[in-house]
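For reference, the structure is listed below as structure tokens.
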Amino acid sequence: MRTIMRTGLVAAFLMLSLGAAHAEERTVKDILTHADRARGNLAGIIWDIRITTNEEGKDETRGMTVTVKGNNTLARYTSPPTLNDRMVLMVDRNMWFIRSGLKKPVSISPRQKLMGDAANGDIASTNYANDYTGTLSGEEPVKGEACHVLDLKAATKNVTYDRIRYWVSKERLVGVKAEFYTISGKLFKAAEFKYDNRVRTPDGEEIPFVSELVIHDAIQKDKVTTLTYAGIRVQTVPDSTFNLNVLVR
């Protein structure tokens with residue numbers, strides 16, 4: 001009889017443990033999904049962005065108009081004028097560079113994704129909920145704000161960063177800080193987010209939206225890139241916007 005009771009208790013404990021694990025997974029997924037919306041993961045959204053890179057005390061600034069729908073992103077350079085015939089397209093984590101005069105788009109390799117605007121685009125990408133599996137590793141304040149600390153592991157092979165450590169505000173449910181690690185476990189970039197913009201979703205809900213993303217290079221420690229977001233508009237974006245064949249015509 002004792003053996004039967006003991007077996008039953010063990011089974012009950014295992015079921016409770018599994019249930020708790022699933023509950024935690026759902027909670028982390030929900031946190032990521034909510035945080036993703038505030039960085040652009042909506043049915044369709046367009047914004048203007050200014051990218052300023054400071055390296056060795058010198059600033060370089062570029063402008064883009066970015067169109068996002070789900071896993072698809074199209075960034076068109078708007079300044080300086082010498083770059084305004086160039087685009088970067090990302091479809092399901094595959095990335096291409098497009099420029100007038102090129103007969104074919106140039107595929108951006110995983111190594112190239114770690115450099116320049118491709119790396120900035122990957123850090124600014126908005127689909128952490130699908131691209132990564134997450135666990136809640138604790139709580140920690142960031143600039144006095146209580147945050148969940150999430151440990152994210154790549155769910156697919158074609159993401160640039162193997163691991164992300166992500167701080168999400170407990171109250172606002174927006175990501176406020178992130179660290180990006182390579183496959184070797186080396187810290188590569190760190191980022192901080194601000195949310196001074198607001199947008200209205202298609203169902204009428206007003207939500208905070210990213211206004212600034214500051215990226216610190218962990219390798220080139222004097223290099224800091226600031227992405228400033230403006231002119232955000234939520235609207236229907238046709239799938240043809242991200243058609244590679246149409247863009248290279």
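Every number here is computed from the coordinates shown, using simple stated rules; none is lab data. Because the structure is a prediction, the values reported are computed rather than measured. Cβ coordinates were reconstructed from backbone atoms using ideal geometry, including for glycine residues, and neighbour counts include every protein chain displayed.
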Inset, instruction - Collect residues whose amide H, placed 1.01 Å from N in the peptide plane, falls under 5 Å from the amide H of Ser137; neighbours closer than 5 in sequence don't count. - result: Val149, Leu150, Asp151
Inset, instruction - Starting at the first residue of region 232-249, write each ³J(HN,Hα) from the Karplus equation 6.51 cos²θ - 1.76 cosθ + 1.60 with θ = phi - 60°, in whole Hz, x for Gly and Pro. - result: 6, 9, 8, 7, 5, 10, x, 4, 5, 4, 10, 7, 4, 5, 5, 5, 8, 6
Legend entry - Compactness of the chain as Cα Rg over 2.2 N^0.38 Å, two decimals: 1.15
Legend entry - Low-density loop positions, GluC sites (Glu not before Pro), region 31-86 - DSSP coil, at most 15 other Cβ in 10 Å: Glu56
Inset, instruction - Decide, for region 143-230, between rounded, prolate and oblate: order the square roots of the alpha carbon gyration tensor eigenvalues as a ≥ b ≥ c, take rounded if a/c falls under 1.5, and otherwise choose prolate if a/b is larger than b/c, else oblate. - result: prolate
Legend entry - Theoretical gain in end-to-end length, Glu212 to Arg165 [0.36 nm per residue, Cα-Cα removed]: 15.0 nm
Legend entry - the chain - percent relative contact order, Cα under 8 Å, separation 6 or more: 20
Inset, instruction - Give the Cα extents of region 126-193 along the principal axes, in whole Å, largest first. - result: 34, 22, 20
Inset, instruction - Putting +1 on Lys and Arg Cβ atoms and -1 on Asp and Glu Cβ atoms, find which of Ala124, Ala218, Leu74 reaches farthest to the positive end of the dipole of the chain. - result: Leu74
Legend entry - Where the Cα pairs of region 49-97 fall when distances are cut into 5 Å bins, in %: 5, 20, 23, 21, 17, 10, 4, 1
Legend entry - Euclidean distance between Cα centres, region 184-208 to region 20-91, Å: 9
Inset, instruction - Show the residues, 5+ positions off or on another chain, whose built amide H is closer than 5 Å to the amide H of Ala218. - result: Lys189, Ala190
Inset, instruction - Subtract the Cα-Cα distance of Asp151 and Thr61 from 0.36 nm times their separation in residues, and report this length gain in nm to one decimal. - result: 29.2 nm
Legend entry - Cleavage-rule hits, GluC sites (Glu not before Pro), region 191-249, DSSP coil, Cβ neighbours within 10 Å at most 13: Glu205
